[in-house]
Amino acid sequence: MNWYLKVLQNYAGFEGRARRKEYWMFFLFNMLISYGLQIVAIVVEVPALLFLSIIYSLGVLIPGIAVGVRRMHDVGKSGWFLLVPIYNLILACTDSEEGENKYGSNPKMEEEATLQKSIVGFKK
């Protein structure tokens, strides 16, 4: 859930890079919430919940596109590759480019460095 919230906090941030984990966790929670609202709306027969589902989907459209663009940046491609069918799915599943690229530093390496610092600080 933290990955989902991280994407929402960076609502329209198209700059930088996004790890596979960040992208796919956002995708997973987004689908669970969206389909959950639709299923509850159908089972309870409350059309207002269906309307809420549409509002939710529109509300997370920009963060979804932004995290997709950052994911393309993570593999060293332009965000426009998000528009290429099938290939964008392959890129979304591909591991990050090692080190820095023209879109920024590798978020996986940054997270590992932060984790290393916290472990060293914990041992002291």
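The values are calculated or read from the model by the stated rules, or taken from the named source; none is laboratory data. These numbers were taken from a predicted model, which means no experiment stands behind them. Note that we place each Cβ from the backbone using ideal geometry, even for glycine, and neighbour counts take in every protein chain shown. The area values use the complete protein model at the heavy-atom level, side chains included, leaving out ligands, DNA and RNA. Shrake-Rupley method; radii C 1.70, N 1.55, O 1.52, S 1.80 Å.
Tabulated data
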read-out: Electrostatic dipole magnitude of the chain [Cβ: Lys, Arg +1; Asp, Glu -1; Cα centre; debye, to 20]; value: 300 debye
read-out: Mean accessible surface per residue for the chain, computed with a 1.4 Å probe while every protein chain stays in place, in Å²; value: 65 Å²
read-out: Most to least packed among 22-28, 98-104 [average Cβ atoms within 10 Å]; value: 22-28, 98-104
read-out: Degrees, to the nearest 10: 47-59 long Cα axis against longest axis of the chain; value: 30 degrees
read-out: Shape parameters for the chain, alpha-carbon atoms, Rg then Dmax in Å; value: 17.3, 58
read-out: Principal-axis tilt of helix 61-74 within the chain, Cα atoms, nearest 10 degrees; value: 30 degrees
read-out: J(HN,Hα) series, segment 16-26, from Karplus relation 6.51 cos²θ - 1.76 cosθ + 1.60, nearest Hz, glycine and proline x; value: x, 10, 10, 5, 4, 4, 4, 5, 6, 5, 4
read-out: With every protein chain in place, segment 1-123: carbon and sulfur % of accessible area (1.4 Å); value: 69 percent
